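Notes for the one structure printed next.
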Amino acid sequence: MGDARSDQNPTSDGLDGAEKREPLRIFLIDDSSLVHAGLVDVLRAYPDLTLIGSARDSATAFEATLDSSLDVVVVNTACRSIDVVHLMHRAVHYAGAGVSRMLLLSNDANNPINTEADELGAGGVVLAWEEPTFLVSAIRLVSGGYRIGVPEQGEPDRSPSRRYSVRHTALDLLTLRERQVLKLLARGLKNAEIAGELVVSESTVKTHVQNLLVKLGLRNRASAVAVAYELGLTRAEWAS
């Protein structure tokens, strides 16, 4: 794809059997060396995400919006050498649904680009100060056809309400069994104990745990427990 630079991830053996999925194909549009390096590090930390390449010029960026093999195109709205608004309009005109794969990274909750992205049908906007796991959750949601609502004008910085909304929506990606496993994780049960509760093998539980971590954009069990508490999933009345 033009002169895009390859940032290929190593393959993962964390998912096995019928649950194994191909890594999501991610492309990065960003001309800031410092931000680019940070985003590459974040994406490489998750074996289910494969960074196919990146663009620092308009021509290569436009090619990425036309590439239907990509799952998500992450775009830094602070690009100096790329007109992001023009890029989105061209994506709508030439690629149709291609703009829906675009996830914008914005430094300002009140940036007009955020609203325009929403009106054009972009996958969504993530604010640059959000934690890395939030970005990963947003990537997985956009790849699944969901849209991340833009921050409201004047919304307080680092507002927890938007993070709650995205993570709660991410629960829709979980199967019924994965939800059950998450609930039992939040109760402090170990894999063997969860296996006993659900009458399945311990290896099956491990697969479910890995899958739900991937879908929620989390890195470990402790993070899963924290999110379960944050979303109120530990309540006895939560549907299993």
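What is the ratio of the Cα radius of gyration of the stretch 65-120 to 2.2 N^0.38 Å, where N is its residue count, to two decimals?
Details: Rg = 10.7 Å, N = 56, 2.2 N^0.38 = 10.2 Å.
Compared with the compact-globule rule of thumb, the stretch 65-120 sits at 1.06.
Please list Phe62, Phe134 from largest to smallest accessible area, probe radius 1.4 Å, with all protein chains kept in place.
Values: Phe62 25, Phe134 0 Å².
Descending accessible area places them as Phe62, Phe134.
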Quiz prompt | 1.4 Å probe accessible area per residue over the stretch 38-128, in Å² | solution = 38 Å²
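Once R0 is set to 51 Å, what does the formula 1/(1 + (r/R0)^6) return for the Cβ-Cβ distance between Tyr94 and Ser201, expressed as a FRET efficiency to the nearest 0.05? Show your work: numbers first, answer last.
Working: r = 49 Å, r/R0 = 0.97.
Once rounded, the FRET efficiency stands at 0.55.
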Exercise. If a/c stays under 1.5 just call it rounded; otherwise compare a/b with b/c (prolate if a/b is bigger, oblate if not). Do that for the stretch 26-113, with a ≥ b ≥ c from the square roots of the Cα gyration tensor eigenvalues.
Key: oblate
Self-check item: Rounded, prolate or oblate (a/c below 1.5 giving rounded, otherwise prolate when a/b exceeds b/c) for the stretch 45-95 by Cα gyration tensor
Solution: oblate
Self-check item: Overall form of the stretch 106-147 per C-alpha gyration tensor (a/c, 1.5; a/b vs b/c)
Solution: oblate
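Based on the Cβ-Cβ distance of Arg187 and Asp41, what FRET efficiency does E = 1/(1 + (r/R0)^6) give at R0 = 41 Å, to the nearest 0.05?
Given R0 = 41 Å and the Cβ-Cβ separation, E is 0.80.
The values are calculated or read from the model by the stated rules, or taken from the named source; none is laboratory data. These numbers come from a predicted model, not from an experiment. Methodologically, a virtual Cβ is constructed for each residue, glycine included, from the backbone with ideal geometry; neighbour enumeration extends over all protein chains shown. Accessible surface is based on the protein model in full, side chains and every heavy atom, while ligands, DNA and RNA are left aside. Shrake-Rupley method; radii C 1.70, N 1.55, O 1.52, S 1.80 Å.
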